[in-house]
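Written out below as structure tokens is the structure these notes cover.
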Amino acid sequence: MHWLAWRKLWRHKNYGGLGFRVLEDFNTALLAKQLWRLMDCPDSLFARVFKGRYYRNSAPLDPIRSYSPSYGWQSIISARPLVQKGLIKIVGSGSSISVWDDPWIPASSPRPAT
């Protein structure tokens, strides 16, 4: 039995809806927040445990190969594209910048180097 149309259920309460969230998007946002926490607070117990197990000599955003990743780690790295989409780099000394690998100018297709 359908009592209300879905377009009315997911609308914000201020606009006459019930304020339901799209659970998949909400879950991805929470996982992205945990990934950000791994990068932002590297001295926390949470970050030290995951660093010791999964990315000992790299960063959480690097492509990491793990023998037997836990469900939690797989879930956290599934939010990697969302974090990378909004991530910016501070150049500083330039030691962490890769001219060839970092996305500098968005382009529809790769361009040859000149």
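Nothing in this text is a laboratory measurement; each read-out follows from the coordinates by a stated rule. The structure displayed is predicted, hence computed values, not measured ones. Don't worry about glycine lacking a Cβ; one is built from the backbone with ideal geometry, like all the others, and counts go over all protein chains shown.
Laid out as a table, the results:
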quantity	calculated
Shape call, region 1-76: gyration tensor on alpha carbons, a/c limit 1.5	prolate
Pairs from Lys33/Lys85; Lys33/Lys89; Lys8/Lys33 whose Cα-Cα separation, in the structure shown, is over 23 Å	Lys8/Lys33
Residue-averaged 222 nm ellipticity for the chain, from DSSP H runs of 4+ at -39500 (n - 2.57), nearest 500	-11000 deg cm²/dmol
Residue order, fewest to most beta carbons within 10 Å, for Arg21, Arg80	Arg21, Arg80
C-alpha center-to-center spacing [region 1-32, region 44-66] in angstrom	34
Cut-off 11 Å between beta-carbons: net charge of the residues surrounding Ile64, Lys and Arg +1, Asp and Glu -1	+4
